Amino acid sequence: MASDRGASPSDYLAAERTFLAWIRTGLALMGFGFVVARFGLFLRELARTTLTNMPRFESSGLSLAVGTSLLLIGSAVTIGATINHVKLVGRLNRGETIARPSRTAIAVALALSGFGLALAAYLVWVS
């Protein structure tokens, strides 16, 4: 559906801000994933060097799995944001009207909510 008016510079700047916000989100997810993945290693080393016995952390690979998952989600968010940005700028160049919710944003929000609930359940189960 073509619009009578062309895209204004503020439309392009808004698209750029949105793209950069998605890049920051992807980088934050990747950084957090790395920290979570390394946290398991930290706990294993802590158990070796202290006098207390922490056997449940010796064999737990959950932090590595969750951290790797967050790294992959962050990478997918960054790739998806790039693809979406290129398509959006193309639509702005053609003068199309853009008025729809972001499916990517909804999918990422639901996935992260699921991760949060799963981690909360795990923490309750472990303690």
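The values are calculated or read from the model by the stated rules, or taken from the named source; none is laboratory data. These numbers come from a predicted model, not from an experiment. Using ideal geometry, Cβ is built from the backbone for each residue, glycine included, and neighbour counts are taken over all protein chains shown.
Numbers for the structure displayed
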{"item": "Residues of segment 27-85 satisfying the condition of being modelled with pLDDT under 75, surrounded by 13 or more Cβ atoms within 10 Å (Cβ to Cβ) and assigned to a helix (DSSP H, G or I)", "result": "43, 44, 47, 57"}
{"item": "Any pair with Cβ under 9 angstrom, 6 or more apart, that starts in segment 88-99 at a residue that is in contact (Cβ under 8 Å) with a residue 24 or more places away in the chain and hydroxyl-bearing (Ser, Thr, Tyr) and ends at one that is in a helix (DSSP H, G or I) and surrounded by 13 or more Cβ atoms within 10 Å (Cβ to Cβ)", "result": "97/91"}
